[in-house]
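Trainee: Please find one structure pasted underneath; my questions will follow.
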Amino acid sequence: MHFLSHINIFDGLEDQELSQILALGKESRLKPQEYIFKEYGPGDRFYILKEGQIEITVHNPVNPPPIVLATLAPTEVFGEFCLFDDAPRSATAKATQPSLILEILKKDVFALFQKETRIGMVILQNLGTVLCKRLRNTDKNLRNHLLWSELNTPLP
Amino acid sequence: MHILNQIKIFKGLDDDELSSIYHLAIPKRIETGQYLIREDQRGNSLFIILEGLVEVLVENPVKPGETIPLAKLRAHDVLGELSIFDDSPRSASALARSATDVLEIPKVELWKLFEKNNRMGMVTLRNLGATICERLRSADMELRNCNLWLGM
C-alpha cells in the first residue's frame, strides 16, 4: 500500500502514478517553531506532512497573537492552492513539533501533468472538490456573520 | 475566432477542443424575471452567458421571502461552475434581470469529454480551480475581518 494512497488529493490514482509523484518529492526535517512558509510569501511548492505537527496561522491585524486556522496531522497536505494560482501564501505554516515533510515543487508537478494528463486531471479534480467545499462553507459563514451583525446594529 | 475563446475557464484550449465543448452546449433563453438556477436544487449543468444580465442571489435566512443580492453577471461570465467539482445543491439562485441568452453545458457530458481528452480536463479544471481560489481568498479575508470586528 502506497503512502500517498491515504491522501485525499491523490484519490483515484494508481500505485504506479503515485510513485511518479513521490519521486518528485524532497524530504525535510523541521525543528519545533521552524517556519515552512509565511503569509504573503511566494507559493512555488506544496507539502505533505509525514510526521509531526504543523500549525497554520494568519496574521491578526488587531492583536499580536496570530489566529490559528488549523493544526495538521500526518498525511495532511498544505500549500496546495499554489497549484491553481500564483497568488501569495494566504497563511503561515510552522512546525509545532519535530516534523518530517515532503515538499514538491509546482513546476515539477506541472511538468509531470504535461506528460501524464490523467494524473493532472485527477489531482486537479480532487483539489477542486476540496476548494468548493471550503468556498461553500466560508460563503455560508460569511453570510451568517453579515446578517448577524446587521441585526445587531442599532438603527440610526 | 471561437465564441468560447472568450470564456476564462476555457483559456488554453485549442479551437478543436472548444468546438467539442460547443457541441455539448444547449442554447437557452431566459426571460426577464425568470430563474436560471434555484438555490438548494441539484446542479447538473454549468451555464455560459452569451447576452443579458443575471443576478446571483440567496434567500435571507433571517427574513424569509427576502433575498440578498450577491453578484451581477454579464456576457462571457460563467455560473453554476461549482457543480463540475461536486454534487452539492446550488449555493445560490440566478435570476434573469433582462432577457438573457445562455449556453447550458451538462456536467455528465463534459466529464465524458474530459475522460476522452484528459488534457482538456486538466486545463479546464485548473482554470476553474483558479477562479474558485480567487473567490475563496477574498471570502476568507472578508470573514476574517468580520470575526475581528465582532471580537471573535
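The values are calculated or read from the model by the stated rules, or taken from the named source; none is laboratory data. Keep in mind the model is a prediction, meaning the values are calculated, not measured. No Cβ is skipped: glycine too gets one built from the backbone with ideal geometry, and neighbour counts run over all protein chains shown. Accessible surface is based on the protein model in full, side chains and every heavy atom, while ligands, DNA and RNA are left aside. Shrake-Rupley method; radii C 1.70, N 1.55, O 1.52, S 1.80 Å.
Trainee: Once phi is turned into θ = phi - 60°, what whole-Hz ³J(HN,Hα) does the Karplus curve with 6.51, -1.76 and 1.60 give for every residue of the range B:45-61, x standing for Gly and Pro?
Mentor: With the stated coefficients, the range B:45-61 comes to 9, 10, 10, 10, 7, 8, 7, x, 9, 10, 9, 9, 8, 10, 5, 7, x Hz.
Trainee: Moving to a separate point now. Taking only protein heavy atoms and a 1.4 Å probe, what accessible area per residue, in Å², does chain B have with all protein chains in place?
Mentor: 50
Trainee: Something else: State the percentage of accessible surface on the range A:27-140 attributable to carbon and sulfur atoms; use a 1.4 Å probe and exclude ligands, DNA and RNA.
Mentor: That fraction is 52 percent.
Trainee: Please report, as a whole percent, how much of the solvent-accessible surface of chain B comes from carbon and sulfur atoms (probe radius 1.4 Å).
Mentor: On chain B, the fraction of accessible area on carbon and sulfur atoms equals 50 percent.
Trainee: Within the range B:4-58, report the GluC sites (Glu not before Pro) that DSSP leaves as loop and that have at most 10 other Cβ atoms within 10 Å.
Mentor: Sites meeting the loop and neighbour criteria: B:31.
Trainee: Could you state how much accessible area residue B:76 has, in square angstrom rounded to the nearest 10, with a 1.4 Å probe and all protein chains kept in place?
Mentor: Looks like 70 Å² after rounding.
Trainee: Something else about it: Output the relative contact order of the range A:33-103, whole-number percent, from Cα pairs under 8 angstrom with separation of 6+ residues.
Mentor: 52
Trainee: Separation of the range B:77-101 and the range B:18-56 by C-alpha centroid, Å?
Mentor: Each part's Cα centre sits 7 Å from the other's.
Trainee: Reachable lysines from residue A:38, Cα under 29 Å, same-chain residues fewer than 8 places away excluded?
Mentor: A:26, A:50, A:94, A:106, A:107, A:133, A:140
Trainee: A follow-up question, please. If I take the Cα coordinates of the range B:3-149 and project them onto the principal axes, what are the three extents in Å, biggest first?
Mentor: 48, 37, 25
Trainee: What do you get for chymotrypsin sites (Phe, Trp or Tyr not before Pro) in the range A:21-91 restricted to DSSP loop and a cutoff of at most 16 other Cβ within 10 Å of the site's Cβ?
Mentor: A:40
Trainee: Any idea what log10 I(q)/I(0) is at q = 0.07 Å⁻¹ for the protein assembly as shown, Debye with uniform C-alpha scatterers and no solvent?
Mentor: Computed log10 I(q)/I(0) values: -0.32.
Trainee: Sticking with this one: Enter the accessible area of residue B:63 (Å², nearest 10), with the probe set to 1.4 Å and all protein chains included.
Mentor: Solvent-accessible area, nearest 10 Å²: 80 Å².
Trainee: May I ask you to derive the relative contact order of the range A:9-156, considering only C-alpha pairs under 8 Å and at least 6 residues apart, and to give it as an integer percent?
Mentor: Across the range A:9-156, relative contact order equals 32 percent.
Trainee: Okay, moving on. Which value, in Å² rounded to 10, gives the accessible area of residue B:144 with a 1.4 Å probe and all protein chains present?
Mentor: Taking all protein chains as shown, residue B:144 has close to 40 Å².
Trainee: On to the next question. So if I take the alpha carbon set of the range B:51-118, get Rg, then get Rh from the Kirkwood formula, what is the Rg over Rh ratio?
Mentor: Rounded to two decimals, Rg over Rh is 1.06.
Trainee: Top to bottom by accessible area (1.4 Å), largest first, where do A:110, A:10 land?
Mentor: A:110, A:10
Trainee: I need the GluC sites (Glu not before Pro) found in the range A:1-56, filtered to DSSP loop residues with at most 11 other beta carbons within 10 Å of theirs.
Mentor: In loop regions of the range A:1-56 (DSSP not H, G, I, E or B), there are no sparsely surrounded GluC sites (Glu not before Pro).
Trainee: Given a cut-off of under 8 Å on Cα pairs at least six residues apart, what relative contact order in percent is computed for the range B:3-149?
Mentor: Averaging sequence separation for qualifying contacts and normalising by length gives 33 percent for the range B:3-149.
Trainee: At what distance in angstrom do the alpha carbon centres of the range A:1-41 and the range A:72-96 lie from each other?
Mentor: Taking the Cα centre of each part, the range A:1-41 and the range A:72-96 sit 11 Å apart.
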